[in-house]
Amino acid sequence: MGFFEHCLINEEFWRVDPGIGLSILAATFGSEMIQLFGTEEQKKALLPPLVKGEAITGAAITEPDAGSDVTSVITRAIPVGGEYIINGTKTFTTNGTTAHFIQVLCLTNPEAESRHQRHSVIIMETDREGFEATPLKNKLGIRASETAELIFSDVRVPRENLVGKEGNGFHQFMVFFDHTRPHICAQAVGLAQGAMEKAVKHVMERRQFGKPLASFQATRFKIAEMATRIEAARNLYHKAAWLLDQGKTDSKLTSMAKWYSGEIAVRVADEVLQLHGGYGYMGDYDVERFYRDAKIVEIYEGTKEIEKLIIARSILGRGSSAS
Ligand SMILES: Cc1cc2nc3c(=O)[nH]c(=O)nc-3n(C[C@H](O)[C@H](O)[C@H](O)COP(=O)(O)OP(=O)(O)OC[C@H]3O[C@@H](n4cnc5c(N)ncnc54)[C@H](O)[C@@H]3O)c2cc1C
């Protein structure tokens, strides 16, 4: 299956149930790293169980003090003989407690002059001694998906678990995100589409001042604007995903799609709740869940601000701001 097809499936799941959609589609999140940079042995051993639904994986980049600034990751992997010994803490890891193996971004070359050449990606099987995952509670939305804190205490993995090149982890994850961000766009567009469909049904049925809400011009404009924004976001991400299947990467376009589709999801979910009035605020019509689920697409896999930094950098070059 190509990236574009994966996106279409994502969109359909998120249209109906974002949390379940994430749980199912993110079961392979992280495997793109092996697809893009893994050895033939790693691909043959690790990818088939994922597509057969027999294994779950994850990607652990974020740490308590390293979020948008990926280069500040301090989880340390020290090579000792034929192994790496890993120590550190990761947070917000999707599938952290259920994954069979996780692609972990570790600091391996702290002495490298460039902060972009200090990290490596290491596969860690979750049954290794010294590894502990604790579920994080009280998420605003996507509650069907589990998110965990990971602790590594002298976890030993063989040197063959390195993915790609030592010191190339930052670069590899930037390429990885170019390939996975369209999936988030699909989530956003699916959620917005599903929410809008709920609004359309409601405004046709709900009557006030003797007429259906759908007869008021203010309501009609809202539906027209939502439908147009959703279609614009869909076209942006379709192009980005289609290019990936042609072997081409366009980081600027992908970031435009990620920022825009995330904003549309949040905006549409808000407007849909508003169109439901007080009923929207309550659980009855399921729109408050879409409202809560929407926010995550503006945060994970690059916040909307980071997406704008990438877009601006490609137009203006590197400015003085952190980027
Ligand atoms: C439910 C959930 C699931 C997640 N799943 C995973 C996962 O599977 N694996 C993983 O590794 N991570 C995961 N994450 C983490 C997610 O990718 C990070 O939360 C995100 O990258 C932001 O990092 P942060 O939370 O540390 O925020 P920070 O980086 O501290 O940012 C805080 C705010 O400051 C802004 N900001 C930061 N730097 C700049 C700048 N230079 N210019 C302008 N604004 C800036 C940000 O845009 C944001 O608005 C998940 C998070 C959540 C909530």
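The values are calculated or read from the model by the stated rules, or taken from the named source; none is laboratory data. Source: prediction; values computed, not measured. With ideal geometry, Cβ positions are generated from the backbone for all residues, glycine too; neighbour counts draw on all protein chains shown.
A compact table of results
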read-out: Residue match in the range 88-100 (condition: buried (at least 22 other Cβ atoms within 10 Å of the Cβ), outside any loop (DSSP other than H, G, I, E, B) and of a type in the set (A, V, I, L, M, F, W, C)); value: no
read-out: Test: residue in the range 51-71 that is away from the ligand (no atom under 13 Å from the Cβ), part of a helix (DSSP H, G or I) and aliphatic (A, V, I, L, M); value: yes
read-out: Boolean, Asn168 is among the polar types (S, T, N, Q) and either surrounded by fewer than 19 Cβ atoms within 10 Å (Cβ to Cβ) or in contact with an Asp or Glu (Cβ under 7 Å, 6 or more places away or on another chain) (or both); value: no
read-out: Residue that is surrounded by fewer than 13 Cβ atoms within 10 Å (Cβ to Cβ) and of a type outside the set (Ser, Thr, Tyr), where the choices are Gln187, Gln217; value: Gln217
read-out: Unmet criterion (only one of (1) surrounded by fewer than 21 Cβ atoms within 10 Å (Cβ to Cβ); (2) at pLDDT 95 or above; (3) farther than 17 Å from Glu197 by Cβ) for Tyr279; value: (3)
read-out: Qualifying position, being surrounded by 16 or more Cβ atoms within 10 Å (Cβ to Cβ), on the phi > 0 side of the Ramachandran plot, within 16 Å of the ligand (Cβ to nearest atom) and at pLDDT 95 or above, among Ile123, Ile142; value: Ile142
read-out: Residues located in the range 282-318, provided they are away from the ligand (no atom under 11 Å from the Cβ) and exposed (fewer than 13 other Cβ atoms within 10 Å of the Cβ); value: Met282, Gly283, Asp284, Ile315, Leu316, Gly317, Arg318
read-out: Total residues in the range 14-40, condition under 24 Å from Tyr285 (Cα atoms), among the charged types (D, E, K, R) and in a helix (DSSP H, G or I); value: 1
read-out: Hey, Phe3 under 30 Å from Leu236 (Cα atoms) and at pLDDT below 95 or not; value: yes
read-out: Checklist (1) touching an Asp or Glu at 6+ places or on another chain (Cβ under 7 Å); (2) not in a loop (DSSP other than H, G, I, E, B) applied to Asn109, failing item; value: (2)
read-out: The range 100-113, residues that are touching a residue at least 60 places away in the same chain (Cβ under 8 Å) and within 12 Å of the ligand (Cβ to nearest atom); value: Ile102, Gln103, Leu105
read-out: Yes/no for Arg128 being outside any strand (DSSP E or B), more than 23 Å from the chain's Cα centre (by Cα) and over 14 Å from Phe92 (Cα atoms); value: yes
read-out: Filter result for Gly164 (over 27 Å from Trp242 (Cα atoms) and either modelled with pLDDT of 95 or more or outside the structural domain of Phe29 (by TED's automatic domain parsing) (or both)); value: no
read-out: Test result for Gln35, more than 18 Å from Glu146 (Cβ to Cβ) and under 18 Å from the mean Cα position of the chain (by Cα); value: yes
read-out: Scan of the range 245-259 for residues that are closer than 21 Å to Leu309 by Cβ and not small (Gly, Ala, Ser), ordered by number; value: Thr249, Asp250, Lys252, Leu253, Thr254, Met256, Lys258, Trp259
read-out: When residues of the range 216-272 are limited to those that are touching a Leu at 6+ places or on another chain (Cβ under 6 Å) and small (Gly, Ala, Ser), the one farthest from Val200 (Cα to Cα); value: Ala240
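This table checks each residue for (1) within 16 Å of the ligand (Cβ to nearest atom); (2) touching a Pro at 6+ places or on another chain (Cβ under 7 Å); (3) among the aliphatic types (A, V, I, L, M); (4) closer than 27 Å to Val297 by Cα.
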residue: Val16; (1), (2), (3), (4): no, no, yes, yes
residue: Ala26; (1), (2), (3), (4): yes, no, yes, yes
residue: Lys90; (1), (2), (3), (4): yes, no, no, yes
residue: Thr98; (1), (2), (3), (4): yes, no, no, yes
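So that you can scan it fast, the table gives a plain yes or no per residue for (1) touching an Asp or Glu at 6+ places or on another chain (Cβ under 8 Å); (2) more than 16 Å from the ligand (Cβ to nearest atom); (3) modelled with pLDDT of 95 or more:
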position	(1), (2), (3)
Glu83	no, yes, yes
Asn87	yes, yes, yes
Thr93	yes, no, yes
Arg115	no, no, yes
